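Remarks on the structure that follows.
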Amino acid sequence: MAYFPVVEYITVFAALYAAVFYFLLLLGYSKQIHTEPVLLSDKALPSVSIVIPVLNEAGTISQTLNSVLALKYPKNKLEVIVVDDESTDNTVKEVQWFASKRGIKELKLIRNKHVGVGKSSALNTGIRSATGELVATLDSDSFPEKTSLVKLASFFADPFTMAVTAAVKVYSPKTMLEKIQGVEYIFVAFTRRLLSFVDSVTVTPGPFSVFRRDVFNKVGLFDENNLLEDQEMAYRIQSHNYKIVGSLDAEVYTQVPSTFSQLMRQRIRWNRGGIRNFYKHRKLLNPKYGELGAFILPLGVLTIFLVIAVFATLAWQIISGQFFSWFSIEAFIYSFGPLQVISLLTLLVGIVWVLVGRRVFETEHATLSMSRLFLFLFVYTYFMTVFWLATFGEEVFHKKQKW
């Protein structure tokens, strides 16, 4: 990157800054990562309404409902609301059959007239019908672990907590792509748990998150014209200085893309939705919102611009014929300087962070095997950059967003 030394230095120092920030966060809160509230007794547990939006989920929704029925939560305090968002398959019949065969008195089926994009209108219809003190949102392709709801609900003994997120993990990964996503999901949950210590959680994931019912009266319902409604809701809660907590012990398993093209479509949607959500809530980019406004969001914005800058530099190097000269031994020896030292230090800090994180998940060593960690660090993460480039392309050409 000889022609763009400023970009080179900014990129490396930003990466080092981010790596050190998260590593120090890990060191500072390592003893508290698995410290979660004492589980409430059945008598003390609040009532919960679980809202499940569905669209053409025949063949999957029964498995989801089975996992809900298996939850170890007082049945007299549990309400299940399935909101059909104009399915054209046998989803409705399957839900009706399930309710009649399993005899779930607490199961409601609501037919929703689809509005906007995504699943937000279905979620809002369910929330309006909810009677519980807490409202849980559950994707129709996700399966909560039996004790997860009790663990999540126990966080609400703290009156300042408005939302709690579960640790989302990949359900029954088979392909290598699914298995590498399993590594990613574990570290995302891990990172979200760390960020909750500094009030900087930026998403309440659709697979399974629980909200205090009153928060919707204070900040409003889900944005029905938003493709990343779970992030937008988290930003809105943060903008009111309410508390969002991430749990590591409450687990939910979700299905993930099994092919590269499916993964790319998902991530482009996430990226484009993320850009719009940040612009909508750009006021959060302010130190008055603590670490969220002073560090976390600025790092995210910087990352986006650096992706553009780095690839512009690479394109210039390729066009000018300088790119392949990087791979010679002479280039490595004679160009090795302070910048390369910082780059290696950044990589080292990142590797140490991953290895320390792996020790935290003592029960996840099969998922976090060294081979999968290597693929995650040195192969999969570069695909994320490619997805960002595709995102910029769709934004530049104003391609219509689809779910």
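Is it true that some residue in the range 170-184 is assigned to a helix (DSSP H, G or I), over 20 Å from residue 81 (Cβ atoms), of a type in the set (A, V, I, L, M) and within 16 Å of the chain's Cα centre (by Cα)? Yes: one or more hits. Taking the numbered list (1) free of Cβ contacts under 8 Å to residues at least 12 places away in the same chain; (2) in contact with a helix residue (DSSP H, G or I) (Cβ under 6 Å, 6 or more places away or on another chain) in turn, residue 206 passes all entries but (1).
Does residue 155 count as surrounded by fewer than 19 Cβ atoms within 10 Å (Cβ to Cβ), under 25 Å from residue 293 (Cα atoms) and aromatic (Phe, Trp, Tyr)? When the stated conditions are applied, residue 155 does not pass them. Looking at residue 165 and the list (1) in contact with a Gly (Cβ under 7 Å, 6 or more places away or on another chain); (2) free of Cβ contacts under 8 Å to residues at least 12 places away in the same chain, which single condition is not satisfied? Checking residue 165 against (1) in contact with a Gly (Cβ under 7 Å, 6 or more places away or on another chain); (2) free of Cβ contacts under 8 Å to residues at least 12 places away in the same chain, the one that fails is (2). Working only within the range 366-375, note down all residues that are under 11 Å from residue 351 (Cα atoms) and in contact with a helix residue (DSSP H, G or I) (Cβ under 8 Å, 6 or more places away or on another chain). The answer is 373, and nothing else. Against the list (1) surrounded by fewer than 23 Cβ atoms within 10 Å (Cβ to Cβ); (2) out of contact with any Gly (no Cβ under 8 Å at 6 or more places or on another chain), the condition residue 170 fails is (2). Checked against the criterion of being at pLDDT below 95, among the charged types (D, E, K, R) and assigned by TED's automatic domain parsing to the domain that holds residue 233, the candidates 106, 133, 145 yield just one match: 106. Of the residues making up the range 392-403, none is within 22 Å of the chain's Cα centre (by Cα), under 21 Å from residue 170 (Cβ atoms) and at pLDDT 75 or above.
Where residues in the range 93-148 are at positive phi and touching a residue at least 12 places away in the same chain (Cβ under 8 Å), which of them is surrounded by the most Cβ atoms within 10 Å (Cβ to Cβ)? Restricting to residues being at positive phi and touching a residue at least 12 places away in the same chain (Cβ under 8 Å), the top hit is 118. Take residue 189 and decide whether it is in contact with a strand residue (DSSP E or B) (Cβ under 6 Å, 6 or more places away or on another chain), at pLDDT below 95 and of a type in the set (Gly, Ala, Ser). In short, yes.
Just a yes or no: is a residue in the range 287-304 in contact (Cβ under 8 Å) with a residue 40 or more places away in the chain, of a type outside the set (D, E, K, R) and under 27 Å from residue 175 (Cα atoms)? No, every residue in the range 287-304 fails to be in contact (Cβ under 8 Å) with a residue 40 or more places away in the chain, of a type outside the set (D, E, K, R) and under 27 Å from residue 175 (Cα atoms). The condition (being touching a residue at least 40 places away in the same chain (Cβ under 8 Å), out of contact with any strand residue (DSSP E or B) (no Cβ under 8 Å at 6 or more places or on another chain) and on the phi > 0 side of the Ramachandran plot) is satisfied by just one residue among 277, 225, 241: 241. Those helices (runs of 4 or more DSSP H) of the range 36-149 in which 1 or more residues are closer than 21 Å to residue 164 by Cα and aliphatic (A, V, I, L, M) occupy 61-69, 120-129. One residue alone among 248, 284 is among the aliphatic types (A, V, I, L, M), at pLDDT below 95 and surrounded by 17 or more Cβ atoms within 10 Å (Cβ to Cβ), and that residue is 248. Selection of the range 182-237 for residues being of a type in the set (Gly, Ala, Ser) and in contact with a Ser or Thr (Cβ under 9 Å, 6 or more places away or on another chain) yields 182, 189, 196, 206, 209, 234.
Considering only residues in the range 67-92 that are of a type in the set (S, T, N, Q) and touching a residue at least 12 places away in the same chain (Cβ under 8 Å), the one that is farthest from residue 46 (Cα to Cα) turns out to be 88.
In the range 111-128, what count of residues is obtained for those that are modelled with pLDDT of 90 or more and closer than 20 Å to residue 233 by Cβ?
Number satisfying all stated conditions: 11.
The values are calculated or read from the model by the stated rules, or taken from the named source; none is laboratory data. In this text the structure is predicted, and so the values were computed from the model without any measurement. Here the Cβ is made from the backbone with ideal geometry for all residues, glycine too, and neighbour counts use every protein chain on show.
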